[in-house]
1. Looking only at the range 72-84, which residues are open to solvent by 30 Å² or more (accessible area, probe 1.4 Å) and under 15 Å from S44 (Cα atoms)?
2. Could you please find all residues in the range 29-46 being over 12 Å from the mean Cα position of the chain (by Cα) and at pLDDT below 90?
3. Scanning the range 114-133 for residues that are open to solvent by less than 20 Å² (accessible area, probe 1.4 Å) and aliphatic (A, V, I, L, M), which turns out farthest from P173 (Cα to Cα)?
4. Exactly one of these conditions fails for N89: (1) among the polar types (S, T, N, Q); (2) open to solvent by 70 Å² or more (accessible area, probe 1.4 Å); (3) part of a loop (DSSP other than H, G, I, E, B). Give me its number.
5. Within the range 94-158, which helices (runs of 4 or more DSSP H) (wholly inside it) include 3 or more residues that are assigned by TED's automatic domain parsing to the domain that holds P66, out of contact with any Lys or Arg (no Cβ under 6 Å at 6 or more places or on another chain) and within 25 Å of I63 (Cα to Cα)?
6. Tell me, yes or no, whether the range 45-64 has at least one residue that is open to solvent by less than 30 Å² (accessible area, probe 1.4 Å) and in contact (Cβ under 8 Å) with a residue 40 or more places away in the chain.
7. Tell me yes or no: at least one residue of the range 176-190 is open to solvent by less than 30 Å² (accessible area, probe 1.4 Å), among the charged types (D, E, K, R), more than 10 Å from the ligand (Cβ to nearest atom) and part of a helix (DSSP H, G or I).
8. Restricting the first residue to the range 105-116 and requiring it to be farther than 16 Å from A32 by Cβ, which pairs with a second residue that is open to solvent by less than 50 Å² (accessible area, probe 1.4 Å) meet a Cβ separation below 7 Å and a spacing of at least six or different chains?
Amino acid sequence: MNNRILAANLARIEKSLKQRTPPAMVKIGQKADPFRILVGCLISARTRDEVTEAACTRLFQRIKDPQGLLELTPRQLEKEIYPVAFYRNKAKALKSLSSDLIERFDGQVPETLEELLTLQGVGRKTANLTLILAFDGMGICVDTHVHRIANRWGYVETATPDQTEAALREKLPKKYWQKINEWLVGFGQTVCKPLSPLCSQCPVDKHCPRIGVDKYR
Ligand code: SF4
């Protein structure tokens, strides 16, 4: 797939998703607290958006910053974020992250991808998403949806999300970097699903080679 067809596909998907709320905690360009964004990204792994939102709302009614989070006991923190998936492990990770921010960054969330990636428990997906949402920075957040769909389209040919991010950094026009996650997550959750995608209802079916798709509806 070349960039002309990719642009057409993304435009169709954006149009079809217009009615949906973006999956991210805040919209791109909207002013937001970087610590809240970072915590939200970490809490959101394998958890539904509405559960993440509710947990973040509860937690940030009680704390404001890394120091406040550290002052909660492990039990209190677990209770605030329950029932997010793996809430016990995530509570531990949030404590480590908060200590790290205080010790190395004076309690502030760093603004570069390189520094974000040095934080305890922060991988490329979270670092890129925080960069985009908290600082309006140039990141590409590649999760399983972006990875899967970019490969089904034949835009990249990669085995892991990290490889997909590297490939996208080489060829994806920069104007799509910040938004591709929002579009393809929404599209991947509703149409181009992991198993048996809804190709008969797909707005981009004419320009999709369906690479690796054995079964579809
Ligand atoms: S045609 Fe099917 S595989 Fe291709 S993007 Fe649409 S839903 Fe996904």
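The values are calculated or read from the model by the stated rules, or taken from the named source; none is laboratory data. In this text, all values refer to a predicted model and were calculated from it rather than measured experimentally. Cβ sites come from the backbone with ideal geometry, for glycine too, and all protein chains shown count toward neighbours. Surface areas here come from the heavy atoms of the whole protein model, side chains and all, with no ligands, DNA or RNA. Shrake-Rupley method; radii C 1.70, N 1.55, O 1.52, S 1.80 Å.
1. Across the range 72-84, the qualifying residues are Y82, P83.
2. Hits for the range 29-46 are G29, Q30, K31, A32, D33.
3. L119
4. (3)
5. The qualifying helices (runs of 4 or more DSSP H) are 124-135.
6. No, that holds for no residue.
7. no
8. What qualifies is G107/P66; G107/L101; L113/A127; L113/N128; L113/L131; L113/G139.
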